[in-house]
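The values are calculated or read from the model by the stated rules, or taken from the named source; none is laboratory data. These figures come from a predicted structure and were not determined experimentally. All Cβ positions, glycine included, derive from the backbone under ideal geometry; neighbour counts span all protein chains shown.
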Amino acid sequence: MKIAVVSPNKILLNEIGKLLQAASHVAVLTEGGKDKLRQVAEQDQPELMLIDGGYCDGASLAPIEDLTTRHPRIAVVLLCGGCSPDFLINAMRAGVREVLPSPVASAELAATVNRIGGKLRGAQARHAGKVLAFIPCKGGSGATFLATSLGYQLSETRSVLLIDLNLQFGDALSFVHDGRPPSTLADVARSVERLDASFLAASTVRVAPNFSIMAAPDDHAQAVEVTPAQVDAILAVAVMHYDFVLLDLGRTIDNLSIKALDRADLIYMVMQAGLPSIRNAKKMLAIFKSLDYSPDKIELIVNRFDRKGPIGVAEIERTLGKFAIHTVPNSYKHVTAAIDRGEPLITSARSDPVLRNVAGLADAISPRPHAARGLFERLLSRDSAGAASPHSSGEPHVLP
């Protein structure tokens, strides 16, 4: 394990370094105080930081809290000569894993390092979940409906968290639930230093056994306080505890949305087969190119698609380039009724063609075990047999 040790005491620093190296750890030793913490975290990127000296009262915890907020994956242990029970509580709130006496006994240090190392290895053993981002090319494209519908489909076999990142106008929760959330993204961001699996789960609304939603802030003042670093920290925890993390984004591409898009494994641009939407899609693709996003990271969903309409998949491809293209048919009556009732389409119109297409997309993202498939899923699989994988060739992928 890579361990950084920061202390103004050179003798103590070298003693701890020898103990860690004897246990086959990589020890990065830095002589100094709180002004060195951020530099060490960013340059050396340790898994664990042992910090000694000058942090044994509540007023001195601000740099520690800044460190754990910016780098939530780094475990932090403080070494203190003496501290009060109140300090211990405040230290944990600042994101500190443990507080040890200073100077620390070699056996106690070894036990702490082994304990934290075991937890970190356990977290790394679990494969990080995939991040799927939905972004509309034009207002009313249906990105939120498709994100929530896909979340339901994926949750039949996987754990799913949808995070509403449309901070000013987000209403993803209302598409599938008629209650108020216990907290919002802004609440989680304000306490991001406390974020762990339990806190994350408690801050969401469970709309299905394996599907939860973190609601957008409910007022503008809270929305503007959310920072890109806080969103990144939330996503870092979320991917370790959910198989899929879906992001429902607004149209604005700013520092916050870019931070989220950087983490995305796939970006679904949701559009319609109309000239205004296609023009906006072209502008958005130019932005993504300037951000060095690979074309393989971007797929298009043409919502409310009419196969007999004047603009088809071939015309869209000629204008926008070679991307995987999915189409979803128009089912305005059923979809609007489901949204107005605040319930998923799957509960009110299970045979709707929109649902069949979304189920096909979910199966392409996360194929279901054949043994677990029911009659409905087997029929869907039979209907879509022979459809090309969106990544198997340069041809557009059109769902049945």
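Looking at Val176, is it closer than 30 Å to Asp219 by Cβ, buried (at least 21 other Cβ atoms within 10 Å of the Cβ) and in contact with a Gly (Cβ under 7 Å, 6 or more places away or on another chain)?
Yes; evaluated as a whole, the condition is true for this residue.
Quick one: which of Gln168, Gln222 is touching a residue at least 24 places away in the same chain (Cβ under 8 Å) and under 15 Å from Leu247 (Cα atoms)?
From the options Gln168, Gln222, the qualifying one is Gln168.
Filter segment 15-62 down to residues that are within 18 Å of Ala111 (Cα to Cα) and of a type in the set (D, E, K, R) and give me whichever is surrounded by the most Cβ atoms within 10 Å (Cβ to Cβ).
Among them, the one singled out is Asp52.
Of the residues Gln153, Gln168, which single one is among the polar types (S, T, N, Q) and surrounded by fewer than 16 Cβ atoms within 10 Å (Cβ to Cβ)?
Just a single option satisfies the conditions, and that option is Gln168.
Taking segment 1-14 as the search range and keeping residues that are without any contact (Cβ under 8 Å) to a residue 60 or more places away in the chain and not hydrophobic (A, V, I, L, M, F, W, C), which one is surrounded by the fewest Cβ atoms within 10 Å (Cβ to Cβ)?
Residue satisfying both the conditions and the ranking: Lys10.
For segment 61-107: of the residues being small (Gly, Ala, Ser) and free of Cβ contacts under 8 Å to residues at least 40 places away in the same chain, which is farthest from Ala4 (Cα to Cα)?
Ser84
Quick one: which residue in Val239, Val176 is β-branched (Val, Ile, Thr), under 27 Å from Pro344 (Cβ atoms) and modelled with pLDDT of 90 or more?
Val239
Could we say that Phe244 is of a type in the set (Phe, Trp, Tyr), buried (at least 16 other Cβ atoms within 10 Å of the Cβ) and modelled with pLDDT of 95 or more here?
When the stated conditions are applied, Phe244 passes them.
List the number of the failed condition for Ile135; all other conditions in (1) part of a loop (DSSP other than H, G, I, E, B); (2) under 26 Å from Ala281 (Cα atoms) hold.
Just one mismatch for Ile135, condition (1).
Residue check, Ile267 against (1) part of a strand (DSSP E or B); (2) modelled with pLDDT of 95 or more; (3) over 19 Å from Leu162 (Cβ atoms); (4) hydrophobic (A, V, I, L, M, F, W, C), all met but one. Which one?
(3)
In segment 1-89, which helices (runs of 4 or more DSSP H) lie fully inside it and hold 2 or more residues that are of a type in the set (A, V, I, L, M, F, W, C) and within 20 Å of Pro103 (Cβ to Cβ)?
Hits in segment 1-89: 10-22.
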